[in-house]
Amino acid sequence: MLRKSFPFFCLAAILCAGCAKRAAMYQKATGLSEDESGLAGHAAYLTLRSSGAGYAGKVFAAPRFVAVRHKLEIVEAGPGLAKSVEAVVVFCGTIQCEVLSSSVTNETALLSPSGNIAARVAPQDLNKFLDFAGKQGKIAQHATESEDKTAAVVDVEAKLKNQTDFRDSLRRMLTKPGVSVADLLQIQEKLAEAQAELDSEATQRKILANETEKVYVEIAFHAEQRTVSRGAFASVGEALRDSGSVLGDSLAALITAVAAIIPWLIVIVPGLWFLIKAVRWFRERRRTAKAVTPAV
């Protein structure tokens, strides 16, 4: 019996020696004891598990919610600007796009024509929308902005879950037998408050979803400014055109000054008349006095 078991004992001893040698080599290479190496391996496993890494090496990152905005400035000829704005609005209706606002300013003596469009576009149709808008004129500027809304979305979703659980617990309390009328009224009041808060958070979540699931695009159309070469006597012509305006401004200033002085003339003219009369009377009296003195 012992003779038959001897080969197995030898094999076990060789395996133990190999394991001890491997452990000694590992300790020499890493500087860790066997217990410490086991703890380090467990800590590494916990780190991988908490970070979302599996045995296959795949990392599952948390979803991010980002609001993306595009701002374009397109230069277009004045006569065709309104048609370009209308064409972009019509094209938005053929894809997954929602026009938030649009406006057109017609050309006047003081203002050049312009237009604005604000829309939300699905990401898969964004390139189509931008390409079509770019064909309506010359893109003078294209700016892109992004804002991370992940924290806001996570916060709203957590509030939705907690508020939903609270509402459901209140509903279950209503179904319990033996609830007094006073408790029933208090539960219904709390239930109404919870439902109102839940509706508010759900609306906020829809707003965040609209911002993160669609791309906000703002397009500003401007009329093309054409420069005209100035002739040799262009300044003379401008001076002649401005002379009428200058003359009108001067006459207006004169009329204003006269209108401001007229009320004072009512006081000044009688005053001057009485002053002149007083001076003459005083002179006549002095002259009479001088004539009477030699005779005495």
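The values are calculated or read from the model by the stated rules, or taken from the named source; none is laboratory data. What you are looking at is a predicted structure, and each value in this text was computed from that prediction instead of being measured. Backbone-built Cβ (ideal geometry, glycine too); neighbour counts: all protein chains shown. Please note that ligands, DNA and RNA were not included when accessible areas were found on the heavy atoms of the full protein model with its side chains. Shrake-Rupley method; radii C 1.70, N 1.55, O 1.52, S 1.80 Å.
For this structure, a couple of remarks:
- Qualifying residue in the stretch 44-61 (condition: within 30 Å of residue 212 (Cα to Cα), under 31 Å from the mean Cα position of the chain (by Cα) and either surrounded by 11 or more Cβ atoms within 10 Å (Cβ to Cβ) or at pLDDT below 70 (or both)): yes
- Residues (under 24 Å from residue 200 (Cα atoms) and either in contact with a Gly (Cβ under 8 Å, 6 or more places away or on another chain) or of a type outside the set (A, V, I, L, M, F, W, C) (or both)) located in the stretch 161-186: 161, 162, 163, 164, 165, 167, 168, 169, 171, 172, 186
- Filtered by the rule that a residue be at pLDDT 80 or above and open to solvent by 100 Å² or more (accessible area, probe 1.4 Å), the stretch 250-274 gives 254, 255, 273, 274.
- Picking from residues in the stretch 200-242 that are charged (D, E, K, R) and open to solvent by less than 80 Å² (accessible area, probe 1.4 Å), the one that is modelled with the lowest pLDDT is 238.
- Selection within the stretch 105-128 - aliphatic (A, V, I, L, M) and at pLDDT 90 or above: 117, 118, 119, 121, 122, 126
- If you go through the stretch 152-170 and keep only what is of a type in the set (S, T, N, Q) and under 14 Å from residue 196 (Cα atoms), you end up with 162, 163, 164.
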